[in-house]
Structure formats: structure tokens, C-alpha cells
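Working notes, structure below.
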Amino acid sequence: MFGNHYYHARIRKAVASFGRIFNDIYVIRKKSDGTVLQTLKVPIAYAPRAKYLERIRENQSLADDTKVAIKLPRLSFEITGINYDAQRQLPKVNNFAQQTTTNSTTSRTKFNVSVPYIMNFNLSAFATTQDDALQIVEQILPYFAPQYNITIKPFSSYATIKEDVPLILTGVSLENQYEGDMASRTVIQYSMDFEMHVFFYGPVADQDIITKADMKYFNMGAGLQDSDLALERQTITPNPSNIIADSDFGFNEVIKLASDSDGEAIAT
């Protein structure tokens, strides 16, 4: 129905870019005198929050070692929604072109106008102590005021095309599990909601490059029976004719009177 298959991996790139932002967060545990006891890199994975909570609850008792509980601190994130953003929609005539990789002198690649969407992400931080959780949160919040821009290459085959993608922090919430006895494991969770403003692109196609512009001028209604009277013909071509996108070139301009039947240029 919609034509040939195409795939720009926009959602996959958005997910990878989001996870890469929070891939270098560390937690440092110290003594009361400031001596560093342990430095931990906080792992991050794409997984639903409920799945991690269930995995953490598998060993709630500190006295029962039959199962190994998931190690904390840890980060997880997931997509929570994808919604159309009408405010950023551009007119459909706003297409752009890029030089092709095959024959740059006769054709170019046409990219249709993009369609804006908002991707909603949820980032959850899990920790066993409040200090570990606060270290994670305070390494994230200062970068969002509330927007942080990341650069993404939307097309794998065209590395020179880049776009800035805003990532907006919309809210932070805290959940602390107080239920259970003193021997039960405590889980502190900070949940952060984000909006990523992305663009989706349709299929791309090669089209011919215009190398000649031919214009005719008429005197409206000056001919017989109110017909249009031909005055002259103007032809514009690039010089040289085998130009490419980065060439330094000019134009050849030829103007001929409509009555000049032999084709000889009368003005240039």
C-alpha cells in the first residue's frame, strides 16, 4: 500500500542515544573521614521498571541465601509512549536534497519533510541506601534545565546529515519501600520522566538534477483575438555543465527573440 520497504532505525537510535547519556554514572562510598571505600559504576539496561522490582524482591530476606538478589545500585529505562507533535510540523513542501553517492552529476537524493513525534521515556534508579540514590540523581539533574540536546545522525548512509534532538526532563518522583520487617531488604527508587523530540522520515529517492532552465516571455492579450504575443525566450545553463554540489560555477544566459527563427542568439 505504502510502497517500497525502508528502515531508518529512528526508534532504535533514539533508545541507544538515551541509554548512552546515562552510561557513565558512578557511586562512591566513603568512610566518615572521607576515605574512599568503594567506587561502583552504575549499570543501565533497557527493561520495564516492574520487571526490575520483581527481580529485586526475589530475595527479600537478608538471612536467606537460597537466591542471589540483583545487585544495587542500578538504572533501567523504557519507552512509555510515542505521540504526534503537531506544533513542530513543517509544510510538506519543505523537502531537502543531498548529493548521491553514485552519480552526483546527474542525480541527487530527495528527502521528504519529516514528521515530528514526542517519545516518552522513564528512567528508574534503584538503590539500597539513600546516599547511593542521591548520588545518581544529582549526577543527572544539573544537565537538564530542563532541556539537554543530543546530536543524532538520522540516516546511516548519509553521515553528513545531523540533527539536534532535545531531551526534556518533565518530572522526578521518589518511592521508598517501608513495608516488611527489619531483616527485609530496603529498595529506594527514583523515577525520572523524559520527553525526546524526534523526527521520523519517509522513504528517500533519487531524482534528476535540473541543468537547464528554459523560460518564455509573453505579452498577455497583445496577439490576435486577445491571444498572448510571444516576445522572447531565455535559456540558463550552468557553466561548466558537469558540475557537482561543491563546484564553483557560474551560469550561461542566452536570450532570443521569438521572431529569431534561425536560433541565433541576439543577446547574452
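The values are calculated or read from the model by the stated rules, or taken from the named source; none is laboratory data. In this text the structure is predicted, and so the values were computed from the model without any measurement. Here Cβ is always computed from backbone atoms with ideal geometry, including for glycine, and neighbour counts include all displayed protein chains. Heavy atoms of the whole protein, side chains included, go into the accessibility calculation; ligands, DNA and RNA do not. Shrake-Rupley method; radii C 1.70, N 1.55, O 1.52, S 1.80 Å.
Residue-by-condition table, conditions (1) modelled with pLDDT under 70; (2) part of a strand (DSSP E or B); (3) farther than 30 Å from Val93 by Cα:
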{"position": "Gln207", "(1), (2), (3)": "no, yes, no"}
{"position": "Ile236", "(1), (2), (3)": "no, yes, no"}
{"position": "Asn242", "(1), (2), (3)": "yes, no, no"}
{"position": "Asp246", "(1), (2), (3)": "yes, no, no"}
{"position": "Val254", "(1), (2), (3)": "no, yes, yes"}
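Picking from Tyr148, Tyr158, which residue would you name as being hydroxyl-bearing (Ser, Thr, Tyr), touching a residue at least 40 places away in the same chain (Cβ under 8 Å) and under 16 Å from Phe18 (Cα atoms)? Among Tyr148, Tyr158, only Tyr148 is hydroxyl-bearing (Ser, Thr, Tyr), touching a residue at least 40 places away in the same chain (Cβ under 8 Å) and under 16 Å from Phe18 (Cα atoms).
Scanning the range 149-160 for residues being buried (at least 16 other Cβ atoms within 10 Å of the Cβ) and in contact with a strand residue (DSSP E or B) (Cβ under 7 Å, 6 or more places away or on another chain) gives a total of 3. Taking Val27, is it in contact with a strand residue (DSSP E or B) (Cβ under 9 Å, 6 or more places away or on another chain), of a type in the set (Val, Ile, Thr) and modelled with pLDDT of 90 or more? Answer is yes for this residue. The residues listed here are Tyr143, Tyr190; of these, the one that is open to solvent by 70 Å² or more (accessible area, probe 1.4 Å) and modelled with pLDDT of 90 or more is Tyr143. Of the residues making up the range 162-173, those that are over 16 Å from Val115 (Cα atoms) and surrounded by 13 or more Cβ atoms within 10 Å (Cβ to Cβ) are Leu167, Ile168, Leu169, Val172.
On the stretch given as the range 22-43, residues that are open to solvent by 50 Å² or more (accessible area, probe 1.4 Å), assigned to a strand (DSSP E or B) and within 17 Å of Ser124 (Cα to Cα) total 2.
Consider the range 82-93 and keep the residues that are more than 15 Å from Phe200 (Cβ to Cβ) and not β-branched (Val, Ile, Thr). The one that is most open to solvent (accessible area, probe 1.4 Å) is Gln87.
Here is a check on your reading of the model: is Leu167 at pLDDT 90 or above and either in contact with a His (Cβ under 8 Å, 6 or more places away or on another chain) or farther than 30 Å from Gln38 by Cα (or both)? Here the answer is yes, as Leu167 does meet what is asked. Considering the range 1-21, and only residues there that are modelled with pLDDT under 90 and either open to solvent by 90 Å² or more (accessible area, probe 1.4 Å) or in a helix (DSSP H, G or I) (or both), the residue that is nearest to Val137 (Cα to Cα) turns out to be Tyr7.
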